[in-house]
1. Is it fair to say N102 is within 16 Å of the chain's Cα centre (by Cα), in the same structural domain as K66 (by TED's automatic domain parsing), exposed (fewer than 15 other Cβ atoms within 10 Å of the Cβ) and not β-branched (V, I, T)?
2. Could you check, for the range 284-292, whether at least one of its residues is charged (D, E, K, R) and either part of a helix (DSSP H, G or I) or surrounded by 15 or more Cβ atoms within 10 Å (Cβ to Cβ) (or both)?
3. Pairs please, first residue from the range 163-190 and of a type in the set (S, T, Y), second anywhere and part of a helix (DSSP H, G or I) and modelled with pLDDT under 85, Cβ atoms under 7 Å, 6+ apart in sequence or on different chains.
4. For E239, are the conditions met, namely being surrounded by 14 or more Cβ atoms within 10 Å (Cβ to Cβ), farther than 20 Å from I308 by Cβ and not assigned by TED's automatic domain parsing to the domain that holds N97?
5. Inspect all residues belonging to the range 208-216 and state whether any of them is more than 28 Å from I150 (Cβ to Cβ) and either surrounded by 17 or more Cβ atoms within 10 Å (Cβ to Cβ) or small (G, A, S) (or both).
6. Considering each of R195, R202 in turn, give the residue that is out of contact with any Asp or Glu (no Cβ under 9 Å at 6 or more places or on another chain) and either without any contact (Cβ under 8 Å) to a residue 24 or more places away in the chain or charged (D, E, K, R) (or both).
7. Being touching a Leu at 6+ places or on another chain (Cβ under 6 Å) and modelled with pLDDT under 90 is the filter here; which residues of the range 12-25 pass it?
Amino acid sequence: MKIKPEILMGGETEIFQKKILISGNDESLISCVKNYVVEDFKNKNYSIDNSGEYNKNLVGDLFSDKKVLFVLADYPADDSAIENSGDKHSVLVISSNNKKINKIKSAWARSKETLVVDCYLLDRAGMQYVLKRFSEQNKIQFSKEVFWYIIENCEKNYVLFLKQLQTLSLYSDKINNIDEVEKIIFIENKVELNRIFFNILRPNKFLIKLFNKNIYSQTDFYVFLNSFKGYLEIISASENKMAASSNLPRYLFADRDAFLNIYGSLDKKKILKIYKNLQKVESLVRKNSTLYFSLGLRFLLSTKKIIIS
């Protein structure tokens, strides 16, 4: 079966499957889901094996019930052991999307005995679910106006969104004013970071100054990067300019013309190149977080080069 990560971690669904696949392109969310699943199996007295290899002969440790959860960084070339693992052990596969994983994902999603968790940016429904769940669990009341403002303006990245909500929860248990939200989580600055995308066709000198002015931390870097993912998803999902215009959030009306200009300059081949660069820069920053600024600026300028080519 298939489940959205925010619903899985909402605590309303029990994990009973022996084979679980976590995939997608939101690395921070993938890590969050992985930790959630591992903790769930620990609570069921499983021993956790992080060797990256499946060994059916393992019997756990002194503190387990002789059951093992094998955490694998990819689906093994020889899958016979996993497919015939039986009832004793469990397998958690964490892998980026590729042809083999997509095929396995499709098969596992159709079976109730296997679980697939796709990790991408939150859609509108996902943000509503997380916000409602968070407000219930933390006993925070939001006015209707504030609720929808948060949905429109906060981060679509699950981890960053949750951090923003946690910051709000420290302020008050009742928030009725949009101005309060802006002051507490600095949405004005985040909107500016999100709007770097709309300036992508401007001269390089302007882009460098804009980047220097807005990127001060690794968090800023990820906000910047995830905003690009979000707008690329809108472009990829829109069949024409009219659809792209309709899919762009209403509060970005001032950037609509720039967005449609970018839409008209892109095609599937160019979008694929940008996605590959996104994955590359995320991987490099994970290996060396101190390089976030130089890698982010390089990504910005190379993205412009792809768009105008």
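The values are calculated or read from the model by the stated rules, or taken from the named source; none is laboratory data. Keep in mind that this is a model prediction, so the values were computed, not measured. For neighbour counting, all protein chains shown are included, and Cβ atoms are generated from backbone atoms with ideal geometry for every residue, glycine included.
1. Considered against the rule, which asks whether it is within 16 Å of the chain's Cα centre (by Cα), in the same structural domain as K66 (by TED's automatic domain parsing), exposed (fewer than 15 other Cβ atoms within 10 Å of the Cβ) and not β-branched (V, I, T), N102 comes out as no.
2. yes
3. Cβ pairs passing all conditions: T167/I184; T167/I185; Y171/I184.
4. Criteria not met by E239.
5. no
6. On the way: R195 fails: out of contact with any Asp or Glu (no Cβ under 9 Å at 6 or more places or on another chain).
None of the other options fit; the residue is R202.
7. Result: Q17, single match.
Okay, residues lined up against (1) at pLDDT 90 or above; (2) aromatic (F, W, Y); (3) over 24 Å from F293 (Cβ atoms):
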site: P203; (1), (2), (3): yes, no, no
site: Q218; (1), (2), (3): no, no, no
site: I235; (1), (2), (3): yes, no, yes
site: R250; (1), (2), (3): no, no, yes
